[in-house]
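The values are calculated or read from the model by the stated rules, or taken from the named source; none is laboratory data. These numbers were taken from a predicted model, which means no experiment stands behind them. Ideal geometry is used to build each Cβ from the backbone, glycine not excepted, and the neighbour counts take in all protein chains shown.
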Amino acid sequence: MTEVDIDICRRSAVAQLEAMRRGEISARELLHETRERYDRVNAEINAVVTVDFDAADDAAAKSDRRRAAGEPARPLEGLPVAVKDLEDTAGMRSTYGSLLHADHVPRGDTLVVERMRAAGAVIYGKTNTPEFGTGSHTYNRVFGATTNPYDPRRSAGGSSGGAAAALAAGLTSVADGSDMGGSLRNPASFCNVVGLRPSIGRVPNWPLKDAWDTLSTNGPMGRTVADTGLLLSVLSGADRRAPLAYPERFEAVSEGFAGPLRIGWSRTLGGLDIQPQVSEVLDGQGLPVLHQLGHRVLDAEPDLEEADSVFRVLRGLDYARSFGSLLAEHRDALSPELVVNTEYGLTLTVEDYFDARERRTSLYKGMLELFDNIDVLAAPVTAVLPFPATHTWVREINGSPQPDYLEWMRASWRITPTGFAAISVPCGFSPEGLPVGLQLIAPPGAESRLLALAAAFERVRPVWREHPIVLTTATTPERQLVETETPQ
């Protein structure tokens, strides 16, 4: 299947922009097609949870007038976009997936949204997220669960699960996400799209409670690597309110690199339990592509054991600071996952914090030493295939019990405290048709290297073009939101 055979809503954003440039479709017509797609499939996957098509139609009409007047096209000119519901959108309900904010309508945009609007995006709605982005399965008590376009009985991942599902189904041209412990990469892997966790400071945002946070970051998602790089160029660049921001705007570079890369092939990311079905796709469908591209691939298992406690401590303290005051008055309105992580954070001490910082430095040193011999580390994004949407989180992997909702996500969040950049690129499908992504990891500031390698991989294996089953089904399955067991 070539891209011209793909319906307009699921073509790459780059191709949609080219179609508008050539006059084959207008911004209002593309929004109309997106609305028809929303009306037809969103009820089945619940990816987009708030919409304002009237305001979006006005924005699209303005975009068309700009083109007709011969004004220079902005980077996202006329593209229909739905924004993650953790981001404030002026005049549009922004709930953060929480009952406490179910009717919240902000007056202003966050910086991420400001930049997308300024780049010409036609924002028509919001994508679903777990409460305050907590957990890697997208469900909440405001809107319910988001499910997977490739199997609506399965999870879309999270916390950017609504964004990933919307991309896969053709409900948004590009998508913003955020990533503390894999919230960009995990849903990208589950939904056969691309998600990039950039270096801290590459994508600044505002307002923030902690402008010095080095654990969480916003980042771009797309159906293709080029789309993801395009959005990164829009979201990047200095802002005086963001002290850690890279001073320069990221430029989407040509897809290439000088000479073969040294790629470390990690099957377990330092000894994790990985489902055989995931490993079989990566070894059987991903590894041969890297060889075909002419790279030198060698086995490499990083020592990331320290990452486990470092991440848990730093995340726990972040949750204690952000949500500790809510527990006394609003415990019943909060998700079990949020309560558990906040309570853990409240048990931690200043000594725990400084010990975690020191061990994080040791962890970073170890990664630098590993990268003395490699240019990119390739590894699983997730330890499991997309799991049933009726489950809140994965309880066991290969017979090993997972003690809490964070444990099964380690293939993503072990990278977070290292500070390295990481991208999930579609790799292939299990025999039952479930997507599997490949995680490519590189030192801070090396987004160009990751995007170039991911783009070359995608050219050989353009599995993003695989048609989601939700686009061929008409029935809406009854959706359960939570299990009966209580997370530990």
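Residues in the stretch 387-403 that are in a loop (DSSP other than H, G, I, E, B) and not small (G, A, S): F387, T390, H391, T392, W393, V394, R395, N398, Q402, P403. Across the stretch 365-403, the number of residues qualifying as within 24 Å of T217 (Cα to Cα) and surrounded by fewer than 16 Cβ atoms within 10 Å (Cβ to Cβ) comes to 2.
Looking across the stretch 57-77, the residues that are among the hydrophobic types (A, V, I, L, M, F, W, C) and either surrounded by fewer than 17 Cβ atoms within 10 Å (Cβ to Cβ) or not in a helix (DSSP H, G or I) (or both) come down to A61, A68, A69, A73, L76. If I filter the stretch 213-230 for residues that are surrounded by fewer than 17 Cβ atoms within 10 Å (Cβ to Cβ) and closer than 22 Å to T134 by Cα, do I get at least one hit? Among the residues of the stretch 213-230, at least one is surrounded by fewer than 17 Cβ atoms within 10 Å (Cβ to Cβ) and closer than 22 Å to T134 by Cα, which makes the answer yes.
Conditions (1) buried (at least 23 other Cβ atoms within 10 Å of the Cβ); (2) closer than 25 Å to E407 by Cα, marked per residue:
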site	(1), (2)
P106	no, no
E114	no, no
T129	yes, yes
G162	yes, yes
L167	yes, no
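Consider V41 carefully, then state whether it is in contact with a Pro (Cβ under 9 Å, 6 or more places away or on another chain), among the hydrophobic types (A, V, I, L, M, F, W, C) and at pLDDT 95 or above. When the stated conditions are applied, V41 passes them.
Screening Q277 against (1) touching an Asp or Glu at 6+ places or on another chain (Cβ under 9 Å); (2) within 12 Å of A378 (Cα to Cα); (3) assigned to a helix (DSSP H, G or I) leaves a single unmet condition, (2).
Taking the stretch 350-389 as the range and being hydroxyl-bearing (S, T, Y) and under 29 Å from Q285 (Cα atoms) as the test, only T382 passes.
Taking first residues from the stretch 40-68 that are closer than 22 Å to S94 by Cα and partners that are of a type in the set (D, E), the Cβ contacts under 8 Å between residues at least 6 apart in sequence or on separate chains come to V49/D85; T50/D85. Name the pairs: first residue in the stretch 143-171 and on the phi > 0 side of the Ramachandran plot, second residue at pLDDT below 95 and among the basic types (K, R), Cβ to Cβ under 8 Å, at least 6 apart or on different chains? Qualifying pairs under 8 Å: G144/R479.
Applying the set (1) at pLDDT 95 or above; (2) exposed (fewer than 14 other Cβ atoms within 10 Å of the Cβ); (3) charged (D, E, K, R) to E485 leaves exactly one unmet item: (1). Evaluating T472 against the criteria (1) more than 19 Å from the chain's Cα centre (by Cα); (2) crowded, with 22+ Cβ neighbours inside 10 Å leaves one unmet condition, (2).
Kindly provide the set of residues from the stretch 110-146 that are of a type in the set (V, I, T) and part of a loop (DSSP other than H, G, I, E, B), ordered by number.
Hits for the stretch 110-146 are T110, T129, T134, T138, V142, T146.
Return a yes/no flag: does the stretch 239-261 have any residue that is over 27 Å from N218 (Cα atoms), among the small types (G, A, S) and surrounded by 13 or more Cβ atoms within 10 Å (Cβ to Cβ). Checked the stretch 239-261: no residue is over 27 Å from N218 (Cα atoms), among the small types (G, A, S) and surrounded by 13 or more Cβ atoms within 10 Å (Cβ to Cβ).
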